[in-house]
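**Q** Dropping the structure in here first, questions after.
The values are calculated or read from the model by the stated rules, or taken from the named source; none is laboratory data. Nothing here was measured: the structure is a model prediction, and the numbers come from that model. Glycine gets a Cβ as well: all are built from the backbone with ideal geometry, and neighbour counts include every protein chain shown. We work out accessible area using only protein heavy atoms, side chains counted, and drop any ligands, DNA or RNA first. Shrake-Rupley method; radii C 1.70, N 1.55, O 1.52, S 1.80 Å.
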Amino acid sequence: MKKLVLFIPLVLFLAMGVFLYKGLFLNPQKLDSALEGKPIPAFQLERLETPGELITNEQLKGKVALLNVWATWCPSCKYEHPFLNMLSRKNILPIYGINYRDERAPAIAELKRQGDPYTLNIFDKDGRLGLDLGVYGAPESFIVDHNGIIRFRYAGPIDQNVWSETLFPMIQQLQAEAAKDNVS
């Protein structure tokens with residue numbers, strides 16, 4: 001019996017090794033979102049640029065939109081920012097920003113310096129909205145339909161490849177569905 005007890009650490013080590021080995025092949029950008037198919041969580045937070053002006057989840061309804069979680073401390077956000085500026089200039093869809101666990105003054109300064117692609121920018125200083133959305137870190141983006149329902153979550157920076165292969169086809173489909181709903 002004592003010899004059997006000696007093998008317990010070996011068995012635990014092997015089980016942990018298999019678990020960690022499997023994790024090497026997971027893609028964090030393809031993690032499921034528990035909120036896909038559900039409404040944007042209810043919130044009431046300040047607009048980044050205007051302290052005291054409140055934005056709610058109801059204001060994000062009406063059009064297919066991209067909800068983008070970003071921060072000044074996030075290097076990948078800086079990488080995707082020029083692409084978001086280009087998308088904003090093309091006026092394909094509204095881009096709503098969630099300034100996540102950041103400081104207001106540096107965030108505003110960053111947008112003045114680098115350009116502001118956001119139709120609305122929500123100040124989520126404490127990260128409560130990010131937590132409700134299941135955000136792992138910045139940048140993360142959510143495609144939201146015209147009814148305020150989250151249809152897709154993408155973790156990581158958006159670039160031309162991600163846009164054209166993954167996000168834009170989905171957005172076009174949702175915009176077509178929204179147009180049908182508006183006609184009916």
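**Q** By accessible area of protein heavy atoms, probe 1.4 Å, what ranking do 136, 96 get, highest first?
**A** These residues rank, largest area first, as 136, 96.
**Q** What fraction of the DSSP beta bridges in region 35-183 is antiparallel, stated in percent and rounded to the nearest 5?
**A** Taking every DSSP beta bridge with both residues in region 35-183, the antiparallel ones total about 60 percent.
**Q** For the full complex of protein chains and a 1.4 angstrom probe, list 101, 113, 151 by accessible area with the highest value first.
**A** Of 101, 113, 151, the descending order of accessible area is 113, 101, 151.
**Q** Same structure, new question: From largest accessible area down, sort 80, 36; use a 1.4 Å probe on the protein chains.
**A** Descending order: 36, 80.
**Q** What's the local net charge at residue 35, with K and R +1, D and E -1, over the other residues with C-beta under 9 Å away?
**A** In short, 0.
**Q** Given H placed on each backbone N at 1.01 Å, which residues far from residue 46 in sequence or on other chains put an amide H within less than 5 Å of it?
**A** 55, 123
**Q** I would also like to ask the following. What percentage of all Cα-Cα pairs in region 35-183 are separated by more than 24 Å?
**A** Roughly 25 percent, once rounded to a whole number.
**Q** Now, a different point. Is the shape of region 68-148 rounded, prolate or oblate, going by the alpha carbon gyration tensor and its root eigenvalues a ≥ b ≥ c, with a/c under 1.5 for rounded and a/b larger than b/c for prolate?
**A** Since a/c reaches 1.5 but b/c is at least a/b, the shape of region 68-148 is classed as oblate.
**Q** Check the straight Cα-Cα distances from residue 125 and name the aspartates and glutamates below 18 Å, setting aside those fewer than 8 residues away within the same chain.
**A** In chain and number order, the partners are 46, 49, 53, 102, 103, 110, 140.
**Q** Per residue of region 145-150, in order, report the coupling 6.51 cos²θ - 1.76 cosθ + 1.60 (Karplus, θ = phi - 60°) as ³J(HN,Hα) in whole Hz, putting x for Gly and Pro.
**A** Working through the residues one at a time gives 7, 5, 9, x, 9, 6 Hz.
**Q** Residue 151's amide H: which non-local residues (gap 5+, or another chain) put their own amide H closer than 5 Å, with H modeled 1.01 Å from N in plane and none for Pro or chain starts?
**A** Residues meeting the criterion, in which the H sits 1.01 Å from N, are 37, 143, 144, 145.
**Q** Does a label point 7 Å from the Cα of residue 160, set along Cα-to-beta-carbon, have any residues of region 69-91 with amide nitrogen under 12 Å, and which are they?
**A** 83
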